[in-house]
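Input: a single structure, listed below in structure tokens.
The values are calculated or read from the model by the stated rules, or taken from the named source; none is laboratory data. Every value quoted in this text rests on a predicted model; they were computed, and no experiment measured them. Ideal geometry is used to build each Cβ from the backbone, glycine not excepted, and the neighbour counts take in all protein chains shown.
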Amino acid sequence: MPDDLNALSNDAFRTRWRDWLEANYPQEWRVPIIHRLMGDDERRWHRMTYDAGWRAPAWPKEYGGLGLSLEKQLIMHQEMERHQCARVLDSGALLLAPVLMKYGTQAQRDRYLAPILRGDELWCQGYSEPNSGSDLASLRTTAVQEGDQFVINGQKIWTTLAAYADHIFVLTRTNKDVKKQAGISFLLAPMDAPGLTVRPIMNLADEDELCEVFFDNVRVPAENLVGRLNEGWTVAKALLGDERIANGAPTLSRQAFEVLEQLVEGVGLDDDLGATDRVASLFCDIQDLGALHSQVADAAIRGEVDNAVLGLMKVLATDLFQRVSDELLRAAGEDAGLQRAVGIGGVETDLRKIYMIARPSTIYAGANEVQRNIVATMLMGAVGK
Amino acid sequence: MGWRTDDELQQMLRDSAVHYFGSAGGPDHFRKVRASTAGFDPAAWKQMGELGWTGILLPEAAGGSEMGLQCALTLAEEIGRSIAPEPFVASAVIAATVLAASDTPAAGALSQSLVAGTRSVTLAWQEQRNTIGLPAFATRFEGNRLSGVKRFVPAWHADSALLVAGTDGAANILAVLDPAAAGITVRPARLTDGTFGAEIAFDEVVIDDHAIILRGSDADEALSLAIARGTIALSAQLEGLASALWNRTVDYMRQRAQFGSNLSDFQALRHRMVDLYSEIELAGASWRRAASALDEGRYWDIALHAAKARSSQVAQDMGRWAIQYHGAFGYTDEADVGLYVHTAIRWSSWLGNAVSHRRKALEAHRRERGIHA
């Protein structure tokens, strides 16, 4: 373990993390946008960072995390972008752990947190259902208490990387007779439980990351309930530090824009007035979102969190990523139709992949239309009020 | 304020600006200036002088309040919010920056009347349409005579003091001129914000030695800084304007009912307003970043171009939807919406419009990356 990272100056901290990445980050993972670490690669990454003392920057030290300041957490994100690191989901550390820290029992923390840190156990998030996407609270997967067990029945969908996960945290309906948000409970289940099956779904980027998860009389011990019965909706909202802010950074847009610049030069569009104006417009969008993001982060570091703008940055960042990827296809002309790397101007990337990877970002983590509804309520009041 | 923050000085300044414009500014004041022959309200300018605002960038030695760019920008935001047609950017930012760089008696005298708010000063520098940054001047100082044509001179009125930028062929020169001097022809034109711009022709105008206030690299530095500061201040005004118009539009949508619901309840309209709000947030962040770059000595940074582009765009976009969501009423002169829209047109097209600045931003980026070096 390095000495106290929080005691380092920001510059020294940045250098130390950058040096470590340069010395240790596997070269074959440095395929930004396209590559996502999954399964054994993801386990290996968590283990590497754990062994070197870089794991779980946002976790408090008492749980084995680094307890880093928000500023230093954001520096880690910046350096990973700079080093062209692959995307990592890390649902256990980012999504489940904050829930366990806030609502879990001591026994639950003791059982689950350490394996997440070491990369021994990967988690997936069982929230969406076929008829409950943006309107998540309408979910219908049921859990019925029988003695000291819950019996789960129903179906989850769009469960990212479920095929590689060891456990799932799942929102279930435990009371049908109350307001929909008030009858939901948060349960933990092992993926190898009898009655639990996973079916991967092929997506438009030729990946099978998203899955359907079926629960057919899946029995879990009552101690797998996190928080109180029927309070799962509140429990699910716990999140730690940096994530909402990091998600608003134009990281993917910037990376896609670099590909665009190479491509524009490679096909000789750099003097084309139309292309220049479109590229200039995207460039300014990236600049300005970068400016907004860093100032919002500065405010958050001072302790001033602006919830409306955090929601908006997700909309801005994902919409921008799509628009940059649209322009990639436009710039490539006929080659946009290639189902392989274009090989123009040194661009050894399958443009269609970038284009497709940009699609779901406006849908997941709260579809952009839902985000707009939420922000509209913050800014303009609730409808009918 | 959200993520935006003021330091103590900025907060005090903002409070007094909100207070002042609350009673003396806004649509009524705008209408009064628009209806005036001069397109300028000397009493309002005098009051802004008494508040220390006309001299906000001038050194204490010249009687200025020397509060610095950040404070000037806070004021610019509030000026934008109240669509004040006073020549703050033209005079208190651009001309004042040039005057502050000179230690000549002529500059000192003009600074004092600017600080007091008894004069407004305008700098005639631009010659071509769509000029961004410091151009090569065609206006010539030959011997003691000046000839040339300046266009798009802002904040023109009969009592305006005049600074002119030109070259003697080897070095740029800045001089103070009496607009009534022989050989000067002024062709004023009313602008959409109610003020006047002017095209000013100089035909062998005699220049007194004492009138020259800056020369050579000092003149270049002062001009470049002045125009850059003016561009950022104008961006802040535009963002302030857009933000005030957003609020005004939501207020209207809340009280206007159709089909049994307030306009503010319709989802299509709510989403549009959220998107406009996002653009305003981007503009606010963009000009602040530009101001930081300028404070670090990078006058014509990518951030400056991005800021003027974003602010110009959002002010026009907000204007478009403000009219739309006010319905037919929004198309009347009686509704104040149109005043904001008219002001947005003037401010967004002055000192480089959105599309020009976006290109400049990309050019600057490509230069940095060594593409098309």
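Identify the residue in the stretch B:268-286 that is more than 7 Å from chain A (Cβ to nearest Cβ) and among the aliphatic types (A, V, I, L, M) and, among all such residues, is surrounded by the most Cβ atoms within 10 Å (Cβ to Cβ).
Restricting to residues being more than 7 Å from chain A (Cβ to nearest Cβ) and among the aliphatic types (A, V, I, L, M), the top hit is B:Ala283.
Is it fair to say A:Val324 is touching a residue at least 24 places away in the same chain (Cβ under 8 Å), under 30 Å from B:Gln267 (Cβ atoms), buried (at least 22 other Cβ atoms within 10 Å of the Cβ) and away from chain B (no Cβ under 13 Å)? Explain how you work it out, then say what you get.
Numbers: touching a residue at least 24 places away in the same chain (Cβ under 8 Å): yes; under 30 Å from B:Gln267 (Cβ atoms): yes; buried (at least 22 other Cβ atoms within 10 Å of the Cβ): yes; away from chain B (no Cβ under 13 Å): yes.
It is true that A:Val324 is touching a residue at least 24 places away in the same chain (Cβ under 8 Å), under 30 Å from B:Gln267 (Cβ atoms), buried (at least 22 other Cβ atoms within 10 Å of the Cβ) and away from chain B (no Cβ under 13 Å).
Return the residues of the stretch B:94-121 that are of a type in the set (Ser, Thr, Tyr), under 17 Å from B:Leu225 (Cβ atoms) and either without any contact (Cβ under 8 Å) to a residue 60 or more places away in the chain or touching a strand residue (DSSP E or B) at 6+ places or on another chain (Cβ under 6 Å) (or both); say none if nothing qualifies.
B:Ser102, B:Ser111
Being facing chain A (nearest Cβ under 8 Å) and either among the charged types (D, E, K, R) or touching a Leu at 6+ places or on another chain (Cβ under 6 Å) (or both) is the requirement here; does B:Asp265 meet it?
yes
Looking only at strands (runs of 3 or more DSSP E) that lie completely in the stretch A:77-186, which have at least 1 residues being touching a Gly at 6+ places or on another chain (Cβ under 8 Å) and not β-branched (Val, Ile, Thr)?
Hits in the stretch A:77-186: A:123-126, A:149-160, A:167-173.
Go over the candidates B:Ala306, B:Ala315 one by one and state the one that is within 13 Å of another protein chain (Cβ to nearest Cβ) and within 24 Å of B:Ile227 (Cα to Cα).
Being within 13 Å of another protein chain (Cβ to nearest Cβ) and within 24 Å of B:Ile227 (Cα to Cα) holds for just one of B:Ala306, B:Ala315, which is B:Ala306.
Being surrounded by fewer than 16 Cβ atoms within 10 Å (Cβ to Cβ) and either under 15 Å from B:Phe196 (Cβ atoms) or of a type in the set (Val, Ile, Thr) (or both): is that true of B:Ala61 here? Before you say what the answer is, go through the steps one by one.
Details: surrounded by fewer than 16 Cβ atoms within 10 Å (Cβ to Cβ): yes; either under 15 Å from B:Phe196 (Cβ atoms) or of a type in the set (Val, Ile, Thr) (or both): no.
No; evaluated as a whole, the condition is false for this residue.
Looking at A:Asp51 and the list (1) closer than 29 Å to A:Ser253 by Cα; (2) without any contact (Cβ under 8 Å) to a residue 12 or more places away in the chain, which single condition is not satisfied?
So A:Asp51 meets the others, but not (1).
Give the stretch B:335-354 a look and list any residue that's under 11 Å from the mean Cα position of the chain (by Cα), surrounded by fewer than 21 Cβ atoms within 10 Å (Cβ to Cβ) and not hydroxyl-bearing (Ser, Thr, Tyr), or say none.
The answer is B:Arg346, and nothing else.
Six or more apart or on different chains, Cβ atoms under 6 Å: show the pairs whose first residue is in the stretch A:252-265 and among the basic types (Lys, Arg) and whose second is part of a helix (DSSP H, G or I).
Going by the 6 Å Cβ cut-off, the qualifying pairs are A:Arg254/A:Ile286.
Quickly run through the stretch A:228-257 and pick out the residues that are within 14 Å of another protein chain (Cβ to nearest Cβ) and at pLDDT below 95. If you could, list the steps in order and put the result at the bottom.
Looking only at the stretch A:228-257, we keep the residues that are within 14 Å of another protein chain (Cβ to nearest Cβ), and these are A:244-245, A:248-250, A:253-254, A:257.
If the condition is that a residue be within 14 Å of another protein chain (Cβ to nearest Cβ) and at pLDDT below 95, then A:Arg244, A:Ile245, A:Gly248, A:Ala249, A:Pro250 are the ones that fit.
Yes or no, residue by residue, for (1) more than 9 Å from chain B (Cβ to nearest Cβ); (2) touching a residue at least 60 places away in the same chain (Cβ under 8 Å):
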| residue | (1), (2) |
| --- | --- |
| A:Gly290 | no, no |
| A:Ala300 | no, yes |
| A:Val305 | no, no |
| A:Lys314 | yes, yes |
| A:Thr318 | yes, no |
| A:Leu328 | yes, yes |
| A:Thr349 | yes, yes |
| A:Glu369 | no, yes |
| A:Lys385 | no, no |
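List, please: which pairs have Cβ atoms under 7 Å, are six or more places apart or on different chains, and start with a residue in the stretch A:212-236 that is farther than 23 Å from A:Gly195 by Cβ and end with one that is of a type in the set (Phe, Trp, Tyr) and part of a helix (DSSP H, G or I)?
So the pair list comes out as A:Gly227/A:Tyr103; A:Val235/A:Tyr103.
Just to verify a result, which residue in the stretch B:175-208, among those that are among the small types (Gly, Ala, Ser) and surrounded by 15 or more Cβ atoms within 10 Å (Cβ to Cβ), is farthest from B:Asp220 (Cα to Cα)?
B:Gly194
Please state which one of B:Ser224, B:Ser312 is in contact (Cβ under 8 Å) with a residue 40 or more places away in the chain, surrounded by fewer than 20 Cβ atoms within 10 Å (Cβ to Cβ) and hydroxyl-bearing (Ser, Thr, Tyr). It would help to see each step written out before you state the result.
Numbers: B:Ser312 fails: surrounded by fewer than 20 Cβ atoms within 10 Å (Cβ to Cβ).
Within the list B:Ser224, B:Ser312, the selection yields B:Ser224.
Quick check on A:Gly303: is it within 24 Å of the chain's Cα centre (by Cα) and at positive phi? Give the steps one after another, and end with the answer.
Working: within 24 Å of the chain's Cα centre (by Cα): yes; at positive phi: yes.
For A:Gly303, the condition - within 24 Å of the chain's Cα centre (by Cα) and at positive phi - is met.
Could you please let me know if B:Ala84 is closer than 26 Å to B:Gly194 by Cα, in contact (Cβ under 8 Å) with a residue 24 or more places away in the chain, surrounded by fewer than 16 Cβ atoms within 10 Å (Cβ to Cβ) and within 20 Å of the chain's Cα centre (by Cα)?
So B:Ala84 fails the test.
Is there any pair with a first residue in the stretch B:45-60 that is among the hydrophobic types (A, V, I, L, M, F, W, C) and a second that is surrounded by fewer than 24 Cβ atoms within 10 Å (Cβ to Cβ) and assigned to a loop (DSSP other than H, G, I, E, B) whose Cβ atoms are under 6 Å apart and which are 6 or more apart or on different chains, and what are they?
B:Ile56/B:Ser65; B:Ile56/B:Met67; B:Leu58/B:Gly64
Would you be able to say whether some residue in the stretch A:297-305 is crowded, with 20+ Cβ neighbours inside 10 Å and in contact with a Leu (Cβ under 8 Å, 6 or more places away or on another chain)?
Yes, the stretch A:297-305 contains a residue that is crowded, with 20+ Cβ neighbours inside 10 Å and in contact with a Leu (Cβ under 8 Å, 6 or more places away or on another chain).
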